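S.K.: Just dropping this structure here.
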């Protein structure tokens, strides 16, 4: 019963969400769009961290690669936004798989530290204008609006709908992941790697695939992010962004879609709501992170154990 | 040759600071298996407390040097108290929980302290007054080394030696090492593990406060986000030497300081951080347990 309630409750909430632009002004629709985009990134982090059990604290790299691919291809080479999307996903996935090579040889805290290192190197590479394409500290500016079958998604509302549809698709992907062989493999690996190996799971393959999939989804979010801001700069992908994504998954609940969405709402939407208290918000934020962990170490909305 | 000696002394100065801060990371990790992400911020808190002490009581001349000593004492006391409070409030309730919960709690604590510093002191760069300490410069083989550098190198080496002796040659030091190896066994031997953990959160932040105040005195300015930068570097130093290993943190700190100084002197400075992180990843891959860390058997 509860299963049904969460399942259809979620679908219902998503449909209600479609109507948000009718109720909100442009500034709030922009926040809702950012919520959708960051939810997608946070869910993609959850594939690696929450489901794969790998302490990835450099997830902003894949998000950034998606955004930069879209920015560079669109501004420098005139590609339409939607044509850059698959390239953004593929390149992010390729980098994810590439970095997974060394990363998955490490475990626990060592993996975490190495991924911080990759994040730092990525940001420096962008700032130092790698290959003369990334535009240094200013980044890439002046992206086109997305066009689809002759329609121009120019208004904030239409961009929100685009982001919302992508979010819906990614949630479906996450639910399918739960039921698929690959999802079960990851879960098994996370719980007991040795036992999983014994029954024929190839940990390297599964972990690399988890990184590639998580990175591809993050890259997709990167495209949306670049479109939303119409500019891409290194400061959006610094290590503290990775820390926030990491915290969202743990504060929300590992492997739990509603948990991750709730976490994203807390970490990205609440700070916007409390804009007036700008200087106090991160203080409160830090305090809240400690409080949530002490009171609910499993996260705000943990994954139900019965099905795990 | 002049450049070489110069960079060597610059490296030793920064390396001493890294080592002092790295000791806090490594001691906490050794006993609790927790990366205390708030440690860097605690250290910079020490710099701000010291600065307040200097500017509100400090005079020039002979008083200057005495004030600096008092500032160190104040910084050490405040930061050690903050360290104990942090452990009690943010880490102790999570000792039996999923380890990632403690990691996020540490990240939250870091954010809390960093923004607390910004609100209490300043969102801008705070400048240390000049003329506090003698401005003597020593010339050795074409390099000029300031009094402050000599002081930082000397004090950090003395503190490290003292810590080494304390941990290896006292009863309480033995208790710390025992708790680091196996908490349950240590408890069975009658060791009060809670006291050991609390002591680690006194000693680490106290040394870190000295390191943080050295940062302020050496560069003559502090900024509330500096905790992240210095914390990260010190943490890399701790890993370099073998995290959890006390002499390793000292060696890692010095080596990282020297590496950075020579990289800045001889290689590109805009890629300096990237080189450091590449070194970190390389070390993690080739020898994840660092220079002095022992190879830990994988738990099955």
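S.K.: If I ask for residues that are within 14 Å of another protein chain (Cβ to nearest Cβ), modelled with pLDDT of 90 or more and surrounded by fewer than 23 Cβ atoms within 10 Å (Cβ to Cβ), which ones from region A:257-270 would you list?
M.R.: Within region A:257-270, no residue meets the criteria.
S.K.: Exactly one of (1) within 14 Å of another protein chain (Cβ to nearest Cβ); (2) in contact (Cβ under 8 Å) with a residue 12 or more places away in the chain is unmet by residue A:214. Its number?
M.R.: (1)
S.K.: Collect the residues in region B:279-300 that are under 23 Å from residue B:250 (Cβ atoms), in contact with a helix residue (DSSP H, G or I) (Cβ under 8 Å, 6 or more places away or on another chain) and at pLDDT 80 or above, keeping them in residue-number order.
M.R.: Pass one, region B:279-300, residues under 23 Å from residue B:250 (Cβ atoms): B:279-284, B:286-296.
Checking the rest, the ones that are also in contact with a helix residue (DSSP H, G or I) (Cβ under 8 Å, 6 or more places away or on another chain) come to B:279-281, B:283-284, B:288, B:290-293.
Those that are under 23 Å from residue B:250 (Cβ atoms), in contact with a helix residue (DSSP H, G or I) (Cβ under 8 Å, 6 or more places away or on another chain) and at pLDDT 80 or above: B:279, B:280, B:281, B:283, B:284.
S.K.: Residue under question is residue A:244, and the condition is that it be out of contact with any strand residue (DSSP E or B) (no Cβ under 7 Å at 6 or more places or on another chain) and free of Cβ contacts under 8 Å to residues at least 40 places away in the same chain; does it hold? Break it down stepwise before answering.
M.R.: Details: out of contact with any strand residue (DSSP E or B) (no Cβ under 7 Å at 6 or more places or on another chain): yes; free of Cβ contacts under 8 Å to residues at least 40 places away in the same chain: yes.
When the stated conditions are applied, residue A:244 passes them.
S.K.: Which of (1) under 30 Å from residue A:285 (Cα atoms); (2) surrounded by fewer than 21 Cβ atoms within 10 Å (Cβ to Cβ); (3) without any contact (Cβ under 8 Å) to a residue 12 or more places away in the chain; (4) under 23 Å from the mean Cα position of the chain (by Cα) is the odd one out, the single condition residue B:111 does not satisfy?
M.R.: (2)
S.K.: Among (1) buried (at least 19 other Cβ atoms within 10 Å of the Cβ); (2) away from chain A (no Cβ under 14 Å); (3) over 14 Å from residue B:25 (Cα atoms), which single condition is residue B:264 missing?
M.R.: Among (1) buried (at least 19 other Cβ atoms within 10 Å of the Cβ); (2) away from chain A (no Cβ under 14 Å); (3) over 14 Å from residue B:25 (Cα atoms), the lone unmet condition for residue B:264 is (1).
S.K.: Return yes when residue B:185 is out of contact with any strand residue (DSSP E or B) (no Cβ under 9 Å at 6 or more places or on another chain) and without any contact (Cβ under 8 Å) to a residue 60 or more places away in the chain and no when it is not.
M.R.: Working: out of contact with any strand residue (DSSP E or B) (no Cβ under 9 Å at 6 or more places or on another chain): yes; without any contact (Cβ under 8 Å) to a residue 60 or more places away in the chain: yes.
Yes.
S.K.: Taking region B:114-153, which residues are surrounded by fewer than 12 Cβ atoms within 10 Å (Cβ to Cβ) and facing chain A (nearest Cβ under 7 Å)?
M.R.: none
S.K.: Quick check: is even one residue across region A:148-168 in contact (Cβ under 8 Å) with a residue 60 or more places away in the chain, more than 28 Å from residue A:190 (Cβ to Cβ), surrounded by fewer than 14 Cβ atoms within 10 Å (Cβ to Cβ) and touching a helix residue (DSSP H, G or I) at 6+ places or on another chain (Cβ under 8 Å)?
M.R.: yes
S.K.: Do we find a residue being in contact (Cβ under 8 Å) with a residue 12 or more places away in the chain, buried (at least 17 other Cβ atoms within 10 Å of the Cβ) and within 14 Å of chain B (Cβ to nearest Cβ) anywhere in region A:79-98?
M.R.: no
S.K.: Separate question: Restricting attention to region A:271-303, which residues are at the interface with chain B (Cβ under 9 Å from one of its Cβ atoms), more than 15 Å from residue A:244 (Cα to Cα) and assigned to a helix (DSSP H, G or I)?
M.R.: Residues satisfying the conditions are A:279, A:280, A:291, A:294, A:295.
S.K.: Continuing with this model, one more query. What about residue B:246, is it farther than 24 Å from residue B:108 by Cβ and in contact with a helix residue (DSSP H, G or I) (Cβ under 7 Å, 6 or more places away or on another chain)?
M.R.: Judged against the criteria, residue B:246 is a match.
S.K.: Among B:233, B:223, which is within 14 Å of chain A (Cβ to nearest Cβ) and surrounded by 19 or more Cβ atoms within 10 Å (Cβ to Cβ)?
M.R.: On the way: B:223 fails: within 14 Å of chain A (Cβ to nearest Cβ).
From the options B:233, B:223, the qualifying one is B:233.
S.K.: Any residue that is surrounded by fewer than 24 Cβ atoms within 10 Å (Cβ to Cβ), in contact (Cβ under 8 Å) with a residue 12 or more places away in the chain and part of a helix (DSSP H, G or I) - is there at least one of those in region B:21-28?
M.R.: No: region B:21-28 contains no residue that is surrounded by fewer than 24 Cβ atoms within 10 Å (Cβ to Cβ), in contact (Cβ under 8 Å) with a residue 12 or more places away in the chain and part of a helix (DSSP H, G or I).
S.K.: To continue, here is another question. Go through the residues of region A:226-233 one by one and say whether even a single one is crowded, with 16+ Cβ neighbours inside 10 Å and within 12 Å of another protein chain (Cβ to nearest Cβ).
M.R.: Checked against the condition, which is being crowded, with 16+ Cβ neighbours inside 10 Å and within 12 Å of another protein chain (Cβ to nearest Cβ), region A:226-233 yields no hits at all.
S.K.: Please go through region B:77-94 and pick out each residue that is surrounded by 22 or more Cβ atoms within 10 Å (Cβ to Cβ), without any contact (Cβ under 8 Å) to a residue 60 or more places away in the chain and more than 14 Å from every other protein chain (Cβ to nearest Cβ).
M.R.: Matches in region B:77-94: none.
S.K.: Please determine, by comparing only the residues of region A:25-54 that are outside any helix (DSSP H, G or I) and surrounded by fewer than 24 Cβ atoms within 10 Å (Cβ to Cβ), which one is farthest from the chain's Cα centre (by Cα).
M.R.: At the first step, the residues of region A:25-54 found to be outside any helix (DSSP H, G or I) are A:25, A:52-54.
Checking which are surrounded by fewer than 24 Cβ atoms within 10 Å (Cβ to Cβ) leaves us with A:25, A:53.
Values: A:25: 25, A:53: 16 Å.
That would be A:25.
S.K.: Would region A:70-77 turn up any residue that is closer than 15 Å to residue A:219 by Cα, in contact with a strand residue (DSSP E or B) (Cβ under 7 Å, 6 or more places away or on another chain) and away from every other protein chain (no Cβ under 14 Å)?
M.R.: yes
S.K.: Can you pull out every residue in region A:99-123 that is more than 7 Å from chain B (Cβ to nearest Cβ) and free of Cβ contacts under 8 Å to residues at least 60 places away in the same chain?
M.R.: Residues satisfying the conditions are A:107, A:108, A:111, A:112.
The values are calculated or read from the model by the stated rules, or taken from the named source; none is laboratory data. Quick caveat: nothing in here was measured; it's all calculated off a predicted structure. Because the Cβ atoms are built from the backbone with ideal geometry, glycine has one as well, and the counts that use them run over all protein chains shown.
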